[in-house]
Amino acid sequence: MEKIGVVTAGGDAPWMNAAIRSIVRTAIFNGLKVVGVERGYAGLIEGKTRPLDARSVSGIINRGGTVLKTARCKEIKTEEGIRKAVETLKANKIDGLIVIGGDGSFRGASEIYKVSGIPVIGVPATIDNDVAGTDTTIGFDTAVNTALFTIDRIRDTATSHERVFVVEVMGRKRGFLALAVGFAEGAEFILIPEIKFDTETICRKLKQGRRKGKTSEIIVMAEGAGDSSQIVREIKEKTGYDVRLTVLGHALRGGPPTAQSRILANKFGAYAVKLLLKGAKRRITGIKGEKIVSIDLEYSWQQKKEINEKVYHLSEILSL
Ligand code: F6P
């Protein structure tokens, strides 16, 4: 192995830059050359590459986003797109590719390996934390803290005005982000796609809470759990309370990475290079407890990650 490629694909996540830095410097330390692919799989298909050296990644560990940029790319799901991507790898004499992204990006990486035989290693990078096999994905911790920073401020005004706030967070079709945010925020309700809920029950419990002296409530809702505006309308109609909606959206994708995200990015990036040097072909980096592990690439995007229902039920108890 003489030269590796690195690409950031799919939705960006805070800390991708920390991972790029770790990959580049670990590779150079081990005598490898590094090629950066710009704009995700779209850039790989178009052949947009540039050499990266130790200085290329100076001053980025604390910056959100990705200096390589990324892009949504439908073409990578086509045979022609995979063929062009492989052509770019071969034209640049890339012996191994590290894909920093989420489960969708790993699906593309799997196709690239199948067609080319070039080893691919995934570094799980998504605020959704929906990659099977790893306890967490880097950037997830930063997104949770970004949400808490904002919801703590919403709680101030909710208390002053005795309002109910529904706060919608990202997470695509899964509830990992909403569950972590709601649990850490002490939300009265957490609405996630994995666990059924109905507004009748929510309203009954809201009224019970008011009878017990609560004067304001926070409801954290995953974007994949339904229409947050509809939930607001229904609660207003059924309770007569003053109910407002805040959608955190893409704010959760930015910002300087937290210490935990940076530490994980440093470790995942270095381990991804080591996996390539050891001859690994289709793996992703991951963490189980305190241990950095490698997971089968196919498993990581094909297996449905389980939600922690114990945390969900404890959050219900703690919000009494
Ligand atoms: O996958 C990360 C994510 O932020 C999801 O939580 C969200 O649904 C999606 O990306 C938004 O995609 P885009 O940035 O392309 O609008």
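Data for the structure
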{"item": "Protection-proxy order for peptides 146-152, 171-177, each taking the mean of Cβ atoms within 10 Å per residue, highest first", "result": "171-177, 146-152"}
{"item": "Within straight-line cross-link reach of LYS267, lysines at Cα separation under 24 Å, skipping those fewer than 8 residues along the same chain", "result": "LYS3, LYS33, LYS69, LYS278, LYS281, LYS288, LYS291, LYS305"}
{"item": "Å² of accessible area per residue within the chain, as computed with a 1.4 Å probe and no ligands counted", "result": "44 Å²"}
{"item": "Volume in Å³ per residue [convex hull over Cα atoms, computed for segment 178-231]", "result": "80 Å³"}
{"item": "Alpha carbon centroid spacing (whole Å) that separates segment 251-320 from segment 49-113", "result": "19 Å"}
{"item": "Cα centroid separation - segment 121-136 against segment 184-245, whole Å", "result": "29 Å"}
{"item": "Descending semi-axes in whole angstrom, ellipsoid equivalent of segment 239-320, from the Cα gyration tensor", "result": "36, 18, 14"}
{"item": "Calculated Rg and Dmax of segment 141-253 using C-alpha coordinates, Å", "result": "12.9, 38"}
{"item": "Gyration tensor over alpha-carbon atoms, segment 1-81, equivalent ellipsoid semi-axes in Å", "result": "22, 16, 9"}
{"item": "Estimated FRET transfer efficiency (ASP198, ARG72; beta-carbon r; R0 35 Å; 0.05)", "result": "0.55"}
{"item": "D_trans [Stokes-Einstein, Kirkwood Rh over alpha-carbon pairs] for the chain, 25 °C, 0.890 mPa s, µm² s⁻¹", "result": "120 µm²/s"}
{"item": "Assigned charges on the beta-carbon of Lys, Arg, Asp, Glu; the chain dipole about Cα centre (debye)", "result": "660 debye"}
{"item": "Cα-based radius of gyration of segment 50-142 once divided by 2.2 N^0.38 Å, which approximates compact folds", "result": "1.16"}
{"item": "Relative contact order of the chain, pairs being alpha-carbon contacts under 8 Å that are 6 or more residues apart, as %", "result": "23 percent"}
{"item": "Förster radius 56 Å - calculated FRET efficiency between ASP95 and GLN230, Cβ distance, rounded to 0.05", "result": "0.60"}
{"item": "All-pairs Cα distance distribution in segment 195-266, expressed in whole percent, bin size 5 Å", "result": "3, 12, 20, 19, 13, 10, 8, 9, 5, 1, 0"}
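The values are calculated or read from the model by the stated rules, or taken from the named source; none is laboratory data. This structure is a prediction, so every number in the text was calculated from the model and none was measured. All Cβ positions, even for glycine, are placed from backbone atoms using ideal geometry, and neighbour counts span all protein chains on display. Each accessible area value is taken on the protein alone, full model and side chains, heavy atoms only, with ligands, DNA and RNA left out. Shrake-Rupley method; radii C 1.70, N 1.55, O 1.52, S 1.80 Å.
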